[in-house]
């Protein structure tokens, strides 16, 4: 593939054609554009244009109190919103030095790992679709629905979850949530096994993905890649293992690492991460049995919004409710960087606080944005069909790309 | 390898850069230093290539606007040493009248879009950048929207106005 002659603009034989891939092309799975120069089916050069759904979240965040920023984070990576929500809550908790109880941590771990599985289901399923195999996607999608139903039991919504509060959760998990979670843990491994059997040694799939868009560890690091993409290239950087948050240090799991950094190894890494996530959820469920069942938030009345019945019937709750909503509680004037392992990589929150009602400055380190910048350079010399599956395996989520 | 203690990090930087790099603080154990734009590439190169520090991972580049300070624009770098799991934050302050700073794309390819985003939102001009264009906003925009004087909403818009009760 690499040795194929590429005609340049000066070549008299060249007849380059321009292809607008996007902004709303079905193969891009999101609103972003690539203007490609094609020599036949081979890409000579490309320019990425992004920003079609830029919503200025960083600017909006400067005008909102902390607890109202959670719904903004939902809309970053909307395939795994709970990870973004939890990342934001933990950033504020780090700023305010709030210690969350172990049970809250474990519940958070469960939700975050479910979100990771949901995200990888979509990514790997769609990779199958783009290589011509629709079946696996449909098998897996059923279980994403199961995950969304668990979200519904926990917080009432499915896609943009707005799950949890600063200090914990808005309500305890009900028994149906746990029933659905156990059912998911029982049913999903079978499907995942079946999915792997369909793809891992499938001749057509392997021929289409192995060696495509291979990236060395040095290049990946130079482009600040993180998450499954960096691990597929052979660097074992996982925020959960390196800087454990939300009690990840209590869990036993492995960080899967690939070697070639191509589309195939990214696929394998994501599949293995789903197995590890299942392992973590099972451990978390076992640990929950040892924790008091009625704890679902930290005891920080000055930052945790009280339930509405309390507000109407209890003087202190009313006062705290008023103070939280009006931003009357002093917060430290400092700056904090906190990162979590999002489904696409290191999702960082850089928060500069001036003690006011809303952040002075909030910056999201968005893995999709940083991972995507290599797309146009690495597409050079690639077949168009390979570039499409490369885009699928990068798992670019337009909401996270544009913020 | 274990995390590099902040004292050791401060000493390593001070040995090389004397008083050109000042320590601002260690909020939440993350060492924060300030330097001038003349030294920034030297400092980043030193941090990246020093065999003991090896801050090989550029986590992020962004900026903060402080209109009330003498130097209004702060450019913030976050670096991460993956072998020792140490992070460092570097700040360079610039005046609004002269927002030039050398590009970090000479060290990391990944700095490209981070700097384009910073240019787009704050108007920081990264000298030597290969392709310094707007990235999130439209090309013909004239303002830098993340600066504090830029309003969140267009003050002239009428579609949200309630003519009976005001807003």
Quiz item: Separation of the range A:363-402 and the range A:284-309 by C-alpha centroid, Å?
Solution: 39
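Using square roots of five times the C-alpha gyration tensor eigenvalues, list the equivalent-ellipsoid semi-axes of chain B in whole Å, biggest first. List each step's numbers first, then the result.
Values: eigenvalues 251, 62, 45 Å².
Working from the Cα gyration tensor, I get semi-axes of 35, 18, 15 Å.
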Self-check item: MRE, 222 nm, helices only [DSSP H, n ≥ 4, -39500 (n - 2.57), over chain B, to nearest 500]
Solution: -6000 deg cm²/dmol
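Percent of alpha carbon pairs in the range B:98-167 separated by more than 17 Å? Show your work: numbers first, answer last.
Details: 1285 of 2415 pairs.
I get 53 percent for the Cα pairs in the range B:98-167 exceeding 17 Å.
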Practice problem: Based on the mean of other Cβ atoms within 10 Å per residue, sort peptides B:148-158, A:142-152 so the most packed one is first. | Solution: A:142-152, B:148-158
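When A:312, A:106, A:67 are ordered from fewest to most other Cβ atoms inside 10 Å of their Cβ, what list results? The partial results should precede the final answer.
On the way: A:312 10, A:106 24, A:67 19.
Ascending number of Cβ neighbours within 10 Å: A:312, A:67, A:106.
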Quiz prompt | Shielding of B:144-153 by partner chains, average beta-carbon count, 10 Å | solution = 3
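Residues of B:128-137, mean number of Cβ from any other protein chain within 10 Å of their own Cβ, rounded to a whole number? Mind dumping the intermediate values first?
Details: counts 0, 0, 0, 1, 0, 1, 1, 8, 12, 3.
Mean shielding count: 3.
How high is the relative contact order of the range A:73-119, in percent, counting Cα pairs under 8 Å that sit 6 or more residues apart? Can you show the working numbers first?
Working: 29 pairs, mean separation 23.0, N = 47.
This gives 49 percent for the range A:73-119.
Using only helices, what value at 222 nm comes out for chain A when you add -39,500 (n - 2.57) per DSSP H run of length 4 or more and divide by the total residues, to the nearest 500 deg cm²/dmol?
Numbers: 17 runs with 194 residues, N = 403.
The helix-only estimate for chain A comes to -14500 deg cm²/dmol at 222 nm.
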Quiz item: How far is the Cα center of the range B:22-63 from the Cα center of the range A:105-154, in Å?
Solution: 38
Quiz prompt | Ranked B:64, A:257, criterion: other C-beta atoms within 10 Å, fewest first | solution = A:257, B:64
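If a/c stays under 1.5 just call it rounded; otherwise compare a/b with b/c (prolate if a/b is bigger, oblate if not). Do that for the range A:286-403, with a ≥ b ≥ c from the square roots of the Cα gyration tensor eigenvalues.
Numbers: a/c = 3.34, a/b = 2.08, b/c = 1.61.
Taking the square roots of the gyration eigenvalues as a ≥ b ≥ c, the range A:286-403 is prolate.
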Quiz item: How long, wide and thick is the range A:172-279, going by the Cα atoms along their three principal axes, in whole angstroms, largest first?
Solution: 46, 36, 18
Self-check item: the range A:75-100-the range B:106-167 distance, computed between alpha-carbon centres (Å)
Solution: 25
Quiz prompt | Degrees between helix A:175-199 axis and first principal axis of chain A (Cα, 0 to 90, nearest 10) | solution = 10
Quiz prompt | Per-residue Cβ neighbour rank within 10 angstrom, fewest leading, B:60, B:162, A:74 | solution = B:162, A:74, B:60
Practice problem: Compute the long axis of helix A:135-155 from its Cα atoms, compare it with the longest principal axis of the Cα atoms of chain A, and write down the angle in degrees, 0 to 90, nearest 10. | Solution: 20
Practice problem: Using a Gaussian network model of chain A whose springs link C-alpha atoms within less than 10 Å, name the residue from A:203, A:158, A:365 with the highest mean-square fluctuation. | Solution: A:203
Practice problem: Give the Rg (one decimal place) followed by the Dmax (whole number) of the range A:85-141, computed from C-alpha coordinates and expressed in Å. | Solution: 16.7, 50
Quiz item: Can you pull the mean other chain C-beta count within 10 Å for peptide A:226-232?
Solution: 1
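Report relative contact order for chain B in percent, whole number only (criteria: Cα-Cα under 8 Å, sequence separation at least 6).
Values: 264 pairs, mean separation 28.1, N = 167.
For chain B, the relative contact order is 17 percent.
Is chain A best put as rounded, prolate or oblate by its Cα gyration tensor, with a ≥ b ≥ c the root eigenvalues, rounded for a/c under 1.5, and otherwise prolate when a/b is larger than b/c, oblate when not? Mind showing how you got there, number by number?
Values: a/c = 2.35, a/b = 1.61, b/c = 1.46.
Verdict is prolate for chain A.
With the convex hull built on the Cα atoms of the range B:21-93, state its orientation-averaged projected area in nm². Walk me through the numbers on the way to the answer.
On the way: hull surface 19.8 nm².
Seen from a random direction, the Cα hull of the range B:21-93 projects 4.9 nm² on average.
FYI, it's all coordinate maths here, none of it is from the lab. Everything numeric in this text was worked out from a predicted model, so none of it was measured. With ideal geometry, Cβ positions are generated from the backbone for all residues, glycine too; neighbour counts draw on all protein chains shown.
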